[in-house]
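Below is one structure, written out as structure tokens; comments come after it.
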């Protein structure tokens, strides 16, 4: 009796369920006001290192100006006359003093202005952002403050706030539309990177030790997917 073979496709790897994590909600003086649950889809997934690497590489490549330029033998001024006679000198024949092999000549196959930008799908960008946030949350490096109650910008107040919140090392400050005084207060600190909520990205998160949100800027999965 002939046996019937059943062809099966590759089995998809089971992904672990998003972890549930929380963060202490504090005021600017460091007083604990309560605990807030973080969105598991943003702060609880297993980071995808391959996508994170690809997206950050593309982001850094897009920052390159690409304005480097060298002149070819056609663009270097001069060289119209034959530098020396064809025969009898013992040297290799030359028709122009601006050839790449000559001193002062053009550059062969040199760099020209170009764009280093890479096309990255939006799904990969969102996954990289989720992976970066989840990586910081897994290390307990996500902080939350209720608001910045400053009437005028002062760098001294910003330093005191970071000390009260227990944030050491480099800090990414995610600011809202109304946090103008906070942006001016934090911008003079070399170890602090202020960024608007709409401009948060995977590279800024990964390069900083801490990520500090406010009640207004703490993201949800619905906001990131939009």
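Residues of the range 184-198 that are free of Cβ contacts under 8 Å to residues at least 24 places away in the same chain and out of contact with any helix residue (DSSP H, G or I) (no Cβ under 8 Å at 6 or more places or on another chain): 187, 190, 191, 196, 197, 198.
Would you say residue 81 is within 26 Å of the chain's Cα centre (by Cα) and either under 30 Å from residue 93 (Cα atoms) or assigned by TED's automatic domain parsing to the domain that holds residue 161 (or both)?
Against the criterion (within 26 Å of the chain's Cα centre (by Cα) and either under 30 Å from residue 93 (Cα atoms) or assigned by TED's automatic domain parsing to the domain that holds residue 161 (or both)), residue 81 does not qualify.
Of all the listed residues (55, 76), the sole one being closer than 30 Å to residue 202 by Cα and either in contact with a helix residue (DSSP H, G or I) (Cβ under 9 Å, 6 or more places away or on another chain) or outside the structural domain of residue 206 (by TED's automatic domain parsing) (or both) is 55.
What is the residue count in the range 108-147 for residues that are assigned to a loop (DSSP other than H, G, I, E, B), in contact with a strand residue (DSSP E or B) (Cβ under 8 Å, 6 or more places away or on another chain) and more than 20 Å from residue 206 (Cα to Cα)? Adding up the residues that qualify gives 2. Pairs are defined by a Cβ separation below 7 Å, a sequence spacing of at least 6 or placement on different chains, a first member in the range 151-165 that is more than 9 Å from residue 184 (Cα to Cα) and not assigned by TED's automatic domain parsing to the domain that holds residue 182, and a second member that is at pLDDT 95 or above and assigned to a helix (DSSP H, G or I); no pair meets this definition.
For the range 130-144, check the following and say yes or no: at least one residue is more than 23 Å from residue 55 (Cβ to Cβ), modelled with pLDDT of 95 or more and crowded, with 19+ Cβ neighbours inside 10 Å. Yes - at least one qualifying residue is present in the range 130-144. Residues considered: 49, 41. Of these, the only one that is loosely packed, with under 13 Cβ neighbours inside 10 Å, touching a residue at least 24 places away in the same chain (Cβ under 8 Å), out of contact with any strand residue (DSSP E or B) (no Cβ under 8 Å at 6 or more places or on another chain) and assigned by TED's automatic domain parsing to the domain that holds residue 148 is 49.
The values are calculated or read from the model by the stated rules, or taken from the named source; none is laboratory data. Predicted, not measured: the structure shown is a model, and the values here were computed from it. All Cβ positions, even for glycine, are placed from backbone atoms using ideal geometry, and neighbour counts span all protein chains on display.
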